[in-house]
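Engineer: Got a structure here, written out as C-alpha cells. Questions coming.
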Amino acid sequence: MKVDLFDFHLPEELIAQVPLIERAESRLMVLDKQTGELQHTIFKNIKEYLQPGDCLVLNDTRVLPARLFGVKEDTGAKIEVLLLKQVEGDKWETLVKPAKRVKEGTKIVFGDGALTAVCTGESDHGGRILEFLYEGIFYEVLEGLGEMPLPPYIKEQLDDQERYQTVYAKERGSAAAPTAGLHFTESLLEEIKAMGVHITFITLHVGLGTFRPVSAETIEDHEMHAEFYIMSEGTARLLNEVREQGGRIISVGTTSTRTLETIASENNGEFKAATGWTDIFIFPGYEFKGINGMITNFHLPKSTLIMLVSTLAGRENVLNAYNTAVKEKYRFFSFGDAMLII
C-alpha cells in the first residue's frame, strides 16, 4: 500500500504553536467510524458521547525535561544533548549536537558542574551513550537543568512546561507527550467518573521515533520504533470486565491504542498484566482486538499515526474528516484540537 494514499494538504498556519489557555476548550470533531458522519463540538462536551460502563484508557507517562545544554570540559565547545532512553543505571542513549565533537571519552559539563557526562560509545543512527555523574537524585538534577523537548514543528517557547504534560502524568520516561490526553482537566475527569465511566491507566514511554517521517514509498517497507509499556494486573482485570459487561473500551491517544492492541493481540483478545517493548505497526488490513473507539489529535500527513486512525475509521472517512478540519480551520498536532472516533 502506497504511503501517498495518506497525504493531505495542511496549511502551515494550522499547526498549533501554543496550547489554549483552557485545556478542555479545544475543539472536538466526532467521527462515526461506521458512517463517516461528522459532528463538531468542544472537548469538554465529550461527556455527551460517553456511556455508563464505558472505559477510558489513559497513558500516564511523564515527559522528561530531556534537552540539556553543556560544554566540552577540555575546549568549552557548546554541546546539546537529548536523552532518548535509559540503557542501564546512569547510562543513557542520547542524541548530541554536534555529534562529531563527541567521541568516546569526551566529558561534558552541564550548569555549574552539578551534572557531568562521559561518552562511553556510539549507538544506532549516530547517537551516543553517555554515563552521567551527579550527586543526589538524577531526576531532580534534571528538573533543574533540562528543558522540555518540544516537537520539531513547534517553534514557540513554552512559558509553562507543565502544559506539555497531561494532568495525570506520573511515570517519568517519555521523550514526547501523549498529546490526546492534554485536553483533559482534573475536573472533567471527575465529571466523567461521576457518570459511571471507568478510567484506568497504562504506561507507554513515547520515543522520538513518533516524529520520524515515513521515508519508504510503501507502508510495508516502513520499520517502526519500539517503545516501552506497562499494564498492571488491576487495569487488565478492569478491561476484561468492561468488555464482558458490554462496555466500550476507548483509548486516549495512539500510544494507549498501541499498548492495548499489542497486549490483546498476544493474548487472543484478552488483557493481561504485561511489561515489554512494542513496535506494533497498525495500518489498513489490521483488525482491532482491544479497542472500540479512540480520542486522538490531528496528525501529520503520511504519518504512521494517520495510518493507525485510518485503520479504525476507514481511510476515506479519515481523509474527509481531515480535509473538513482544514476547511474549518481546526488546530493541528500536539497543541491542536481533538477527534473522537466512536
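Engineer: Answer yes if at least one residue in the range 267-288 is touching a residue at least 40 places away in the same chain (Cβ under 8 Å), of a type in the set (Lys, Arg) and within 23 Å of Ala176 (Cβ to Cβ), and no otherwise.
Structural biologist: Checked against the condition, which is being touching a residue at least 40 places away in the same chain (Cβ under 8 Å), of a type in the set (Lys, Arg) and within 23 Å of Ala176 (Cβ to Cβ), the range 267-288 yields no hits at all.
Engineer: Evaluate the following for Lys170: is it open to solvent by 30 Å² or more (accessible area, probe 1.4 Å) and at pLDDT 95 or above?
Structural biologist: yes
Engineer: In the range 70-90, what count of residues is obtained for those that are open to solvent by 60 Å² or more (accessible area, probe 1.4 Å) and touching a Leu at 6+ places or on another chain (Cβ under 8 Å)?
Structural biologist: Total meeting the criteria: 0.
Engineer: While we're here: Could you list, in sequence order, the residues of the range 1-54 that are of a type in the set (S, T, N, Q), outside any strand (DSSP E or B) and open to solvent by 70 Å² or more (accessible area, probe 1.4 Å)?
Structural biologist: Hits for the range 1-54 are Gln34, Thr35, Gln51.
Engineer: Mind telling me which of the residues Leu58, Leu115, Leu95 ends up being at pLDDT below 95 and surrounded by 17 or more Cβ atoms within 10 Å (Cβ to Cβ)?
Structural biologist: Values: Leu58 fails: at pLDDT below 95; Leu115 fails: at pLDDT below 95.
Going through Leu58, Leu115, Leu95 in turn, just one is at pLDDT below 95 and surrounded by 17 or more Cβ atoms within 10 Å (Cβ to Cβ): Leu95.
Engineer: Here is a follow-up. Please go through the range 128-151 and give me each residue that is within 23 Å of the chain's Cα centre (by Cα) and assigned to a loop (DSSP other than H, G, I, E, B), ordered by number.
Structural biologist: Scanning the range 128-151 gives Gly146, Met148, Pro149, Leu150, Pro151.
Engineer: Would a scan of the range 188-206 turn up a residue that is polar (S, T, N, Q), modelled with pLDDT under 95, crowded, with 16+ Cβ neighbours inside 10 Å and under 25 Å from Ser232 (Cβ atoms)?
Structural biologist: Narrowing the range 188-206 to residues polar (S, T, N, Q): 200, 203.
Now drop any that are not modelled with pLDDT under 95, which leaves none.
Checking the range 188-206: not a single residue is polar (S, T, N, Q), modelled with pLDDT under 95, crowded, with 16+ Cβ neighbours inside 10 Å and under 25 Å from Ser232 (Cβ atoms).
Engineer: Just to be sure I understand, how many residues within the range 276-308 are among the aliphatic types (A, V, I, L, M), out of contact with any strand residue (DSSP E or B) (no Cβ under 6 Å at 6 or more places or on another chain) and under 27 Å from Arg27 (Cα atoms)?
Structural biologist: Residues of the range 276-308 that are among the aliphatic types (A, V, I, L, M), as a first pass: 280, 282, 291, 294-295, 300, 305-308.
Right, trim to out of contact with any strand residue (DSSP E or B) (no Cβ under 6 Å at 6 or more places or on another chain) and you get 280, 282, 300, 305-308.
This time we only want the ones that are under 27 Å from Arg27 (Cα atoms), so: 282, 300, 305-308.
Of the residues in that region, 6 qualify.
Engineer: Being of a type in the set (Lys, Arg) and free of Cβ contacts under 8 Å to residues at least 24 places away in the same chain, is that true of even one residue in the range 186-201?
Structural biologist: Taking every residue of the range 186-201 in turn, at least one turns out to be of a type in the set (Lys, Arg) and free of Cβ contacts under 8 Å to residues at least 24 places away in the same chain.
Engineer: Quick check on the range 304-342: of everything there that is of a type in the set (S, T, N, Q) and under 24 Å from Ile249 (Cβ atoms), which residue is most open to solvent (accessible area, probe 1.4 Å)? Lay out the reasoning, then the answer.
Structural biologist: Residues of the range 304-342 of a type in the set (S, T, N, Q): 304, 310-311, 317, 320, 323-324, 334.
Okay, now just the ones that are also under 24 Å from Ile249 (Cβ atoms), so 304, 310-311, 317.
On the way: Thr304: 20, Ser310: 4, Thr311: 25, Asn317: 40 Å².
Out of the qualifying residues, it is Asn317.
Engineer: Looking at (1) surrounded by fewer than 21 Cβ atoms within 10 Å (Cβ to Cβ); (2) not in a helix (DSSP H, G or I), find the lone condition where Arg163 falls short.
Structural biologist: (2)
Engineer: Out of the residues in the range 64-86 meeting the condition of being at pLDDT below 95 and in contact with a helix residue (DSSP H, G or I) (Cβ under 7 Å, 6 or more places away or on another chain), tell me which one is nearest to Gly181 (Cα to Cα).
Structural biologist: Leu64
Engineer: When only residues in the range 212-230 that are open to solvent by less than 50 Å² (accessible area, probe 1.4 Å) and not hydroxyl-bearing (Ser, Thr, Tyr) count, which is modelled with the lowest pLDDT?
Structural biologist: His225
Engineer: Within the range 218-254, can you find the residues that are in a strand (DSSP E or B) and polar (S, T, N, Q)?
Structural biologist: Applying the first criterion (in a strand (DSSP E or B)) to the range 218-254 yields 218, 227-231, 249-252.
Within the range 218-254, Thr218, Ser251 qualify.
Engineer: If Gly253 satisfies all but one of (1) open to solvent by less than 20 Å² (accessible area, probe 1.4 Å); (2) out of contact with any Pro (no Cβ under 9 Å at 6 or more places or on another chain); (3) of a type in the set (Gly, Ala, Ser), what's the number of the condition it fails?
Structural biologist: (2)
Engineer: For Lys100, only one of the following conditions fails: (1) farther than 28 Å from Met231 by Cα; (2) open to solvent by less than 90 Å² (accessible area, probe 1.4 Å); (3) outside any loop (DSSP other than H, G, I, E, B). What is its number?
Structural biologist: Only one criterion is unmet by Lys100, namely (2).
Engineer: What is the residue count in the range 313-342 for residues that are over 13 Å from Leu31 (Cβ atoms) and either in contact with a Lys or Arg (Cβ under 6 Å, 6 or more places away or on another chain) or in contact (Cβ under 8 Å) with a residue 40 or more places away in the chain (or both)?
Structural biologist: The qualifying residues number 9.
The values are calculated or read from the model by the stated rules, or taken from the named source; none is laboratory data. Predicted, not measured: the structure shown is a model, and the values here were computed from it. Reconstructed Cβ throughout: ideal geometry from the backbone, glycine too, with neighbour counts over all protein chains shown. What goes into the accessible areas is simple: the full protein's heavy atoms, side chains included, and nothing from ligands, DNA or RNA. Shrake-Rupley method; radii C 1.70, N 1.55, O 1.52, S 1.80 Å.
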